[in-house]
Each structure stands twice: as C-alpha cells, then as structure tokens.
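The structure under discussion appears below in the form of structure tokens.
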Amino acid sequence: MNRLKFSKMHGLGNNYIYVNLFEETLREEELPEIAVRVSNVNTGIGSDGMILIGPSDKADFRMRVFNNDGSEAKNCGNGLRSVAKYVYDRGLTDKQSFHIETLGGIVEAKVHLGDDKRVKLVTVDMGAPRLLKKDLPMEGDPNSTTILETLDVQGTSYTITAVSMGNPHAVIFVEDVEQVDVAGIGPNIEHHPVFPERVNVEFIQVVNRGEIIFRVWERGSGITQACGTGACAAAVAGILTEKLDRKVLVHLLGGDLEIEWNENGHVYMTGPAEFICDGVFYR
Ligand SMILES: N[C@@H](CCC[C@H](N)C(=O)O)C(=O)O
C-alpha cells in the first residue's frame, strides 16, 4: 500500500491537504485524482482541495493548488499564508520574508511570529490585480475591463465586477449577504459561458468604507469558509467603484482578513493560518 504523508491546514476555515514535495513524490498524471480522493469527506480526509509545497527555480518555494474537483487553480490566498506558516514553522526556511511561485505569478510572503516563535499572521504581497477581460479570461473585447457590468444568468441580471488576482473572480455587491442563495446562484455564474475557464463568485455587502461582509462560491470547490484571493478581488472591486477606501477589513465566514490596495498598485493581504493535523493517507 502506498503511503502519502500530509498535513491538514486552514486559513480562516478554508482547509487544504498539504503535501511536502521535499519529502514526498507524486506523479504528475495522478495529481487531479489524488486531490479528489483526499478531499472526499466520506472516503478521504475531507478538504477544499490539495496544495503541493515544493522547490522552485524562480523563487524560494513553489505552491500548486488543486480544487476538490481535481481542477488546478493558479492562485490561493489562504493557501499562500498556510504555505508560509508551513515552511517557516517546519524549518524549511529561517527567513521571515520569502518568495513563493504560483501559476498566477511570484508573490512575497512575510511572516509575523507569536510569543511561541511560531507564525501567527502572514502578510502576502499579492501583486497588482489584473482587470482586462483577456486576463480573467472573459468573453468580449479582450482589452476592456468589466466594472459594474450586467450579466444575464438564466433570466436574472447580476451586476458584476471582474478581477483577476492570478485567478478569476466575479464580484457582486448586494444589500444583504444573508439573503443570497450562494449555493443556488454560484454554480450558474461559475459555469456561465462568458467565463471560458469558469470563475470564483463573491457576494459582498458593504458595511462602511472600510468594512465588508463576504460570501463565496469557489470555482471547483463550492461554498468555502473563506477565499483569500476573493477577499482581495472584493476589496479591489469596492475601491474601483468608490464604495471603499484603500484599507478594508473583510468579514468572511471563517474570520477576518485585512486587505490593502496600496498606492504602489499592489494588494497586501494579512491574516492567520493554522495547522490542524499531520497524518498518512493510504492510497
Ligand atoms: N480558496 C482560495 C482559492 C482557491 C482556488 C479557486 N477555487 C480557483 O479555482 O481559482 C483562496 O483562498 O484564494
């Protein structure tokens, strides 16, 4: 029987199975299937997906993200904070600032230590948001943006703002997130033909110019407790549409994130990450 060592971690409840490729070897062609199997709550470990931590020839570490349907994503904000905690707390680096390569680009993570000298919070420089339709990708004029544009979804109109944080997001401002049928509407927007690679969908209630309430339907994983790239995209959408100032406290189901869209054009995300358990998966 093959044995796969793993750690389960979460960032505000957005939980993944982490595999350390400095110690474990997986074949490329089996990755989607393993992601589906480990994520299954009944016959696997149970998670929103699987994240691989490995060496990079361009950065200090490389992160690869698989949703729980087996699709590979280009970025994951909660994953980046968890990877930063993993590599520091487990002694893979002694640097408190380092770079992580993702399919969506290279980002810089800075760890903030608690009294126990372990990582308590992580700030990630997520880079500049990309707004052009070709960056999502999204049908239409490739060099135009999508800001408060009407999208018809099975007879109902939604006003969306599209933001790529390495991965694609459709942000929708609502009066009251509690009234939104996230599980009913989310998949229809995720699979809308205007998004050829599907999309993550965020429903945002503005509390005041520095605070929002956030709900998400994630591409490839469904409803999750939090989405770091989604929180960044929501803040960017709110700032672009002049609903929010540049520093935003985002209330997600699993807790809070601080997002800043700095004058330098980069988005900074600060929040926690936690280990849940270590184990061996029989495969
Ligand atoms: N939960 C993540 C995003 C994971 C990938 C996403 N579902 C996609 O397919 O793009 C986050 O914290 O950003």
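Looking at segment 261-274, can you tell me whether even one residue there is within 14 Å of the ligand (Cβ to nearest atom), surrounded by fewer than 24 Cβ atoms within 10 Å (Cβ to Cβ) and hydroxyl-bearing (S, T, Y)? Yes, some residue in segment 261-274 is within 14 Å of the ligand (Cβ to nearest atom), surrounded by fewer than 24 Cβ atoms within 10 Å (Cβ to Cβ) and hydroxyl-bearing (S, T, Y). Taking the conditions exactly as written (of a type in the set (A, V, I, L, M), under 20 Å from the mean Cα position of the chain (by Cα) and within 25 Å of D278 (Cα to Cα)), does V87 satisfy them or not? In short, yes.
Could you list, in sequence order, the residues of segment 86-115 that are in a loop (DSSP other than H, G, I, E, B) and among the hydrophobic types (A, V, I, L, M, F, W, C)? L92, L103, listed by residue number. Under 9 Å by Cβ, and 6 or more places apart or on different chains, what pairs join a residue from segment 219-232 that is not assigned by TED's automatic domain parsing to the domain that holds K247 with one that is assigned to a strand (DSSP E or B) and at pLDDT 95 or above? Listed pairs, sorted by first residue: none to list. Residues of segment 28-48 include at least one that is closer than 20 Å to W217 by Cβ, more than 13 Å from the ligand (Cβ to nearest atom), hydrophobic (A, V, I, L, M, F, W, C) and surrounded by fewer than 24 Cβ atoms within 10 Å (Cβ to Cβ).
Give segment 79-100 a look and list any residue that's touching a Phe, Trp or Tyr at 6+ places or on another chain (Cβ under 8 Å) and within 16 Å of the ligand (Cβ to nearest atom), or say none. Selection gives G79, S82, V83, A84, K85, Y86, I100. For the criterion of being farther than 25 Å from D89 by Cα, modelled with pLDDT of 95 or more and in contact with a Cys (Cβ under 6 Å, 6 or more places away or on another chain), V250 fails. Do we find a residue being in contact with a helix residue (DSSP H, G or I) (Cβ under 9 Å, 6 or more places away or on another chain) and assigned to a strand (DSSP E or B) anywhere in segment 219-240? Yes, because at least one residue in segment 219-240 is in contact with a helix residue (DSSP H, G or I) (Cβ under 9 Å, 6 or more places away or on another chain) and assigned to a strand (DSSP E or B). Please go through segment 209-223 and pick out each residue that is hydrophobic (A, V, I, L, M, F, W, C) and either more than 27 Å from E72 (Cα to Cα) or away from the ligand (no atom under 16 Å from the Cβ) (or both). Passing the criteria: I212, I213. One residue alone among E101, E108 is under 16 Å from M126 (Cβ atoms), among the acidic types (D, E) and in contact with an Asp or Glu (Cβ under 7 Å, 6 or more places away or on another chain), and that residue is E108. Annotation: F203 fulfils all but one of (1) free of Cβ contacts under 8 Å to residues at least 60 places away in the same chain; (2) touching a helix residue (DSSP H, G or I) at 6+ places or on another chain (Cβ under 9 Å); (3) within 12 Å of the ligand (Cβ to nearest atom); the unmet one is (3).
Residues that are modelled with pLDDT of 95 or more, within 14 Å of the ligand (Cβ to nearest atom), under 20 Å from A226 (Cβ atoms) and of a type outside the set (F, W, Y) do not occur anywhere in segment 137-157. Quick one: how many residues across segment 140-178 are exposed (fewer than 14 other Cβ atoms within 10 Å of the Cβ) and either at negative phi or not assigned by TED's automatic domain parsing to the domain that holds H251 (or both)? Residues that pass the stated criteria total 11. Per the listing F6, F66, the residue uniquely assigned to a strand (DSSP E or B), more than 16 Å from the ligand (Cβ to nearest atom), crowded, with 20+ Cβ neighbours inside 10 Å and at pLDDT 95 or above is F6.
The values are calculated or read from the model by the stated rules, or taken from the named source; none is laboratory data. These figures come from a predicted structure and were not determined experimentally. All Cβ positions, glycine included, derive from the backbone under ideal geometry; neighbour counts span all protein chains shown.
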